[in-house]
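Student: Encoded as structure tokens, here's the structure I'll be asking about.
The values are calculated or read from the model by the stated rules, or taken from the named source; none is laboratory data. Just so we're clear, the structure is a prediction, and the values are computed from it rather than from any experiment. We place every Cβ from the backbone using ideal geometry, glycine too, and count neighbours over all the protein chains shown. Remember, those area values only see protein heavy atoms, side chains included, never the ligands or the DNA or RNA. Shrake-Rupley method; radii C 1.70, N 1.55, O 1.52, S 1.80 Å.
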Amino acid sequence: MEEKTALTLERIKEAALTEFLDKGYLGASLRQIVKNAGVTTGAFYGYYKSKEALFEALVGTHYRYLVGRFCQAQKE
């Protein structure tokens, strides 16, 4: 079961990354993401509560790192 969950999450993330890169955050369609991932909208909501939460999962760590480095550089 865990293996299926991990595979589904990976498919959702891959589809989302492609959609966000092609259309940007505002233009990205959750409907298209789930279609390309091969999952239902209901299944998607079992993993993420919104498109925003999915975006955060993809870029949040990188964003916080860059902002932290920027703030550190400003102090120096």
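Student: In the range 1-48, what residues are in a loop (DSSP other than H, G, I, E, B) and either under 20 Å from Val59 (Cβ atoms) or not polar (S, T, N, Q) (or both)?
Tutor: Met1, Ala28, Ser29, Gly38, Val39, Tyr48, listed by residue number.
Student: Which of the residues that make up the range 42-51 are farther than 22 Å from Leu26 by Cβ and either hydrophobic (A, V, I, L, M, F, W, C) or open to solvent by 70 Å² or more (accessible area, probe 1.4 Å) (or both)?
Tutor: The answer is Ala43, and nothing else.
Student: Let me ask another. Would you say Leu54 is surrounded by 11 or more Cβ atoms within 10 Å (Cβ to Cβ) and not basic (Lys, Arg)?
Tutor: Criteria met by Leu54.
Student: Quick one: would you say Ala57 is more than 13 Å from the chain's Cα centre (by Cα) and part of a helix (DSSP H, G or I)?
Tutor: No; evaluated as a whole, the condition is false for this residue.
Student: Show the residue pairs that are 6+ apart or on different chains and have beta-carbon atoms under 9 Å apart, the first residue being within the range 11-33 and within 13 Å of Phe44 (Cβ to Cβ) and at pLDDT 95 or above, the second being open to solvent by less than 90 Å² (accessible area, probe 1.4 Å) and polar (S, T, N, Q).
Tutor: Cβ pairs passing all conditions: Ala15/Gln32; Glu19/Ser29; Glu19/Gln32; Leu30/Thr41; Leu30/Ser50; Arg31/Thr41; Ile33/Thr18.
Student: Only residues that are under 9 Å from the mean Cα position of the chain (by Cα) and farther than 17 Å from Thr18 by Cβ: list them for the range 29-54, please.
Tutor: The answer is Glu52, Ala53.
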